[in-house]
1. Scan the stretch 41-58 residue by residue and report those that are within 18 Å of residue 75 (Cβ to Cβ) and among the small types (Gly, Ala, Ser).
2. Could you identify the single residue in 215, 222 that is under 13 Å from residue 119 (Cα atoms), modelled with pLDDT of 95 or more, touching a Leu at 6+ places or on another chain (Cβ under 6 Å) and within 16 Å of ligand 1 (Cβ to nearest atom)?
3. Sort out which residues of the stretch 89-109 are without any contact (Cβ under 8 Å) to a residue 40 or more places away in the chain and not β-branched (Val, Ile, Thr), and write them in order of number.
Amino acid sequence: MTFAETIASARTQNRTLLSEVEAKAALGDAGVPVTATTLAQTREEAAAQAEAMGYPVALKVVSPNVAHKSDVGGVVLGLESHEEVAQAYDEIIRSVQAAQPSAAIEGVSVQEMAAPGVEVIVGVATDPQFGPVMMFGLGGIMVEVLGDVAFRLAPLGEGDARDMIDEIQGRQVLDGVRGQPPVDIGAIEAMLDRVSVFAAEHPEVAELDLNPVIASPEGAIAVDARIVLAEA
Ligand code: ADP
Ligand code: MG
């Protein structure tokens with residue numbers, strides 16, 4: 001499905017929130033590195049998709065009503081076999097139904113596991129006056145508690161992505177702390193640039209969150225993606 005088709009289908013269903021699977025497909029087409037992600041609607045389908053993708057995989061609930069998948073037991077990481085995937089499928093459905101009985105569950109996404117690294121956040125918000133605004137920060141408490149983030153208008157100009165990265169207070173975490181190797185800063189820059197072009201080219205995108213992007217010495221890849229469309 002093209003992004004235009006995804007938007008049209010969301011419009012006919014009167015929804016503005018795209019699923020993680022839809023958001024990653026659109027971003028992947030736009031050249032943003034995302035983990036390979038497919039939608040499974042039975043445990044057998046999940047196991048077959050995992051087998052085709054190669055282990056380890058992650059499984060996550062796909063529901064238009066679940067904003068934070070891990071809060072409702074909707075994320076299981078590092079599955080290594082057909083049996084583990086089939087079990088995790090059932091476990092996710094059970095946990096989400098117990099935690100949020102009203103949630104409509106479309107299925108479970110099967111995705112490749114990203115290599116370990118530093119979790120960062122790339123986002124786009126729409127300012128009523130200035131249009132799309134890019135956001136960058138370190139993942140987890142750095143953003144949520146400390147508000148250590150950098151903003152720039154989209155599309156980013158030459159050098160803007162690098163300036164955003166250098167501006168955050170936790171910058172040195174990306175150079176490697178506690179014996180960790182430095183991450184690929186150029187890959188984060190490229191991700192910011194591509195997301196900014198995507199946002200500028202698609203004014204129907206009101207909000208976009210890649211939370212987290214995992215940055216490592218080998219590159220940067222989005223493992224979670226959320227897109228909210230502007231009201232039609
Ligand atoms: P939530 O809806 O709770 O934000 P996420 O998709 O972000 O769910 O998953 C929760 C956490 O699991 C992420 O912050 C990340 O640490 C880890 N994670 C998720 N997907 C992957 C993946 N494909 N590879 C590696 N780690 C992952
Ligand atoms: Mg997330």
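1. Selection gives 46, 47, 50, 58.
2. The match here is 222.
3. Passing the criteria: 91, 94, 95, 97, 98, 99, 100, 101, 102.
One line per residue, one yes/no per condition, for (1) touching a residue at least 40 places away in the same chain (Cβ under 8 Å); (2) more than 16 Å from ligand 2 (Cβ to nearest atom):
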| position | (1), (2) |
| --- | --- |
| 37 | yes, no |
| 44 | yes, yes |
| 52 | no, yes |
| 56 | yes, yes |
| 63 | yes, no |
| 66 | no, no |
| 73 | no, no |
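The values are calculated or read from the model by the stated rules, or taken from the named source; none is laboratory data. Predicted model only: the values in this text are computed from it and were never measured. Reconstructed Cβ throughout: ideal geometry from the backbone, glycine too, with neighbour counts over all protein chains shown.
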